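Take a look at the structure set out below.
The values are calculated or read from the model by the stated rules, or taken from the named source; none is laboratory data. Since the structure is predicted, the reported quantities are computational estimates derived from the model, not experimental observations. Positions of Cβ are generated from backbone atoms using ideal geometry, with glycine treated the same way; all protein chains shown enter the neighbour counts. With ligands, DNA and RNA removed, areas are computed over all heavy atoms of the protein, side chains included. Shrake-Rupley method; radii C 1.70, N 1.55, O 1.52, S 1.80 Å.
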Amino acid sequence: LGTFMYVYEAPPGATIINEGEAGDFMLLLMQGMVDVLRRNRYNYPSRIAVAHSGHSLGEMSMFDGEPRFASCVTLENSRIAVLTRDALMLVLGEDPKLGNKILLKLVQLLSERLRQTSAKLVSSLEAARDEVKKLWGGIDILLNGAGGNHPRGTTATETWEGAAKAAVTTAASARSTP
């Protein structure tokens, strides 16, 4: 695999991936530590992970061609191996066994990360629900669903027609009253 990759040294504080930029490569962190940062709603970088030796970075954009999800900044002197999309295609063509092994490992990695992210999301949603319940108690409301503001929560034809007739009657009587 080493013949298909480039290896670089990066000092502390080097931005090796920029959030929002296009990317057709992934990185394998051979040595060092990297801060993985995503800008929050205030446009301030927020740490979402710290990568250590052996971790990969940037594989999502290499696969799907979407802009980078986060920035990666070295925390210490780091050695990084770069695998481009073109190089991966070359590996798959020249050594399919190795290429498939790489793909399987990346699929397992992405699956693991998705599970971790899903668990964090569920935990956050449960914490938010508990906080709302603590602040306001149980809440039982219809949020402008199919029934709109109708107390029975329905928009059946007869209910709509009845409401429309009542609105017309009310508007007519308001105009005729001096």
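Observations on the model:
- Residue match in the stretch 150-157 (condition: modelled with pLDDT under 60, in a helix (DSSP H, G or I) and open to solvent by 60 Å² or more (accessible area, probe 1.4 Å)): yes
- Residue under evaluation PHE63, criteria (1) open to solvent by less than 80 Å² (accessible area, probe 1.4 Å); (2) within 12 Å of LEU83 (Cβ to Cβ), criterion not met: (1)
- Filter pass, ALA81 being within 17 Å of THR117 (Cβ to Cβ), aliphatic (A, V, I, L, M) and open to solvent by less than 10 Å² (accessible area, probe 1.4 Å): no
- Residue check for MET89: among the aliphatic types (A, V, I, L, M), open to solvent by 90 Å² or more (accessible area, probe 1.4 Å) and modelled with pLDDT under 95: yes
- If only residues of the stretch 1-57 that are among the aromatic types (Phe, Trp, Tyr) and within 18 Å of the chain's Cα centre (by Cα) are counted, the one that is surrounded by the most Cβ atoms within 10 Å (Cβ to Cβ) is TYR44.
- Spans of strands (runs of 3 or more DSSP E) in the stretch 1-109 with at least 2 residues touching a residue at least 24 places away in the same chain (Cβ under 8 Å), under 23 Å from LYS120 (Cα atoms) and not charged (D, E, K, R): 33-39, 45-52, 71-74
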